[in-house]
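What follows is a short report on a single structure.
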Amino acid sequence: MSTSVVFIFLCATLWTGVSSYVYQTIGMSSNDNQRLTLQDAGWISWTTGTDQYDNSQDIRVYFEAPTGTKILLVFQDIDIEQHSNCGYDRLEIYDRITSSTSAVPERTVCGTSENDFVSASNVITIRFKSDGSRQGHFRLLYTVFNYGSNCSADECKCTNGRCISALLHGDGVNNCGSTDVSDDDSVCDNEGYTVLAMHGNNGQTLTLEDAGYISWTTSNSDYANSQDIRVYFRAPTGKRILLMFYNIDIEDNTNC
């Protein structure tokens with residue numbers, strides 16, 4: 001039976017498994033006055049093991065994403081002591097790196113819900129301050145993104161115009177922000193993608209760069225009957241290869 005198969009390869013320095021990104025959690029409590037680098041996406045909480053914060057705390061952490069990007073914060077799960085001006089417990093978000101106790105934050109957060117925060121540049125400061133009366137918890141989702149008319153080969157474009165890492169696409173977490181229903185609908189721009197053909201390269205070693213398609217032929221035609229083809233693929237040193245099965249129709253059988 002002849003039918004078709006097309007899948008996308010992506011060369012990345014961080015290997016997360018096929019279509020499943022591993023989100024790291026950054027603990028505020030153990031990183032006071034530290035400057036941390038953000039890549040792709042992850043969680044920010046009180047510790048790496050618990051969202052519940054301690055009383056009588058004043059912690060400040062500085063975050064930096066790659067030049068030219070911005071940082072999206074989604075307040076996924078928060079319960080910070082409510083007050084009319086957040087005078088008891090609070091998160092303070094600054095659109096810059098600052099250690100000044102008199103600096104005015106761009107956002108002060110308490111209560112149980114908050115709108116997304118989008119940074120003006122690639123750096124932010126988060127300060128957490130609590131009094132001695134009541135404990136709560138917070139869990140923030142951060143995503144590094146940029147705006148562009150065309151996203152790069154290793155990015156997907158959200159319907160709100162944000163370009164996020166292709167590693168985050170369709171992993172069950174919405175990295176596009178609350179103005180988008182889901183990043184499942186984001187478009188992974190394939191303009192200019194190379195199509196590598198299995199047919200005609202039997203026994204060959206092919207070098208992969210950035211991202212592209214692997215198919216039976218360069219024209220994505222159905223594969224032929226009675227074939228046994230083996231192709232070897234190599235990515236640059238220090239990178240691994242993510243395969244996403246983009247469009248497959250291979251004759252079904254219980255044990256293949």
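The values are calculated or read from the model by the stated rules, or taken from the named source; none is laboratory data. Here the structure is a predicted model, which means the values were calculated and not measured. Ideal geometry is used to build each Cβ from the backbone, glycine not excepted, and the neighbour counts take in all protein chains shown. Each accessible area value is taken on the protein alone, full model and side chains, heavy atoms only, with ligands, DNA and RNA left out. Shrake-Rupley method; radii C 1.70, N 1.55, O 1.52, S 1.80 Å.
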Next on the checklist: Pull out all pairs, ordered by first then second residue, where Cβ-Cβ is under 7 Å, the residues are six or more apart or on different chains, the first lies in segment 139-168 and is under 20 Å from PHE117 (Cβ atoms) and at pLDDT 85 or above, and the second is of a type in the set (Phe, Trp, Tyr) and assigned to a loop (DSSP other than H, G, I, E, B).
Outcome noted: LEU168/TYR21
Checklist outcome for this item: Restricting segment 205-256 to residues that are in a strand (DSSP E or B) and charged (D, E, K, R), the one least open to solvent (accessible area, probe 1.4 Å) turns out to be ASP249
Checklist entry - Looking at segment 44-80, which of its residues are assigned to a strand (DSSP E or B), within 24 Å of SER165 (Cβ to Cβ) and aliphatic (A, V, I, L, M)? => result ILE44, VAL61, ILE71, LEU72, LEU73, VAL74
Checklist outcome for this item: Filter segment 169-186 for residues that are among the charged types (D, E, K, R) and farther than 15 Å from LEU72 by Cα; the one that is modelled with the highest pLDDT is ASP171
Checklist outcome for this item: Every listed condition ((1) buried (at least 19 other Cβ atoms within 10 Å of the Cβ); (2) out of contact with any strand residue (DSSP E or B) (no Cβ under 9 Å at 6 or more places or on another chain)) holds for VAL61 save (2)
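Being in contact with a Cys (Cβ under 9 Å, 6 or more places away or on another chain), of a type in the set (Gly, Ala, Ser) and open to solvent by 40 Å² or more (accessible area, probe 1.4 Å) is the filter here, so list the residues in segment 133-152 that pass it.
The initial filter retains those residues of segment 133-152 that are in contact with a Cys (Cβ under 9 Å, 6 or more places away or on another chain), namely 136, 143, 145-148, 150-152.
With of a type in the set (Gly, Ala, Ser) added as a condition, the list becomes 136, 148, 152.
Listed by number, the list holds a single entry, SER152.
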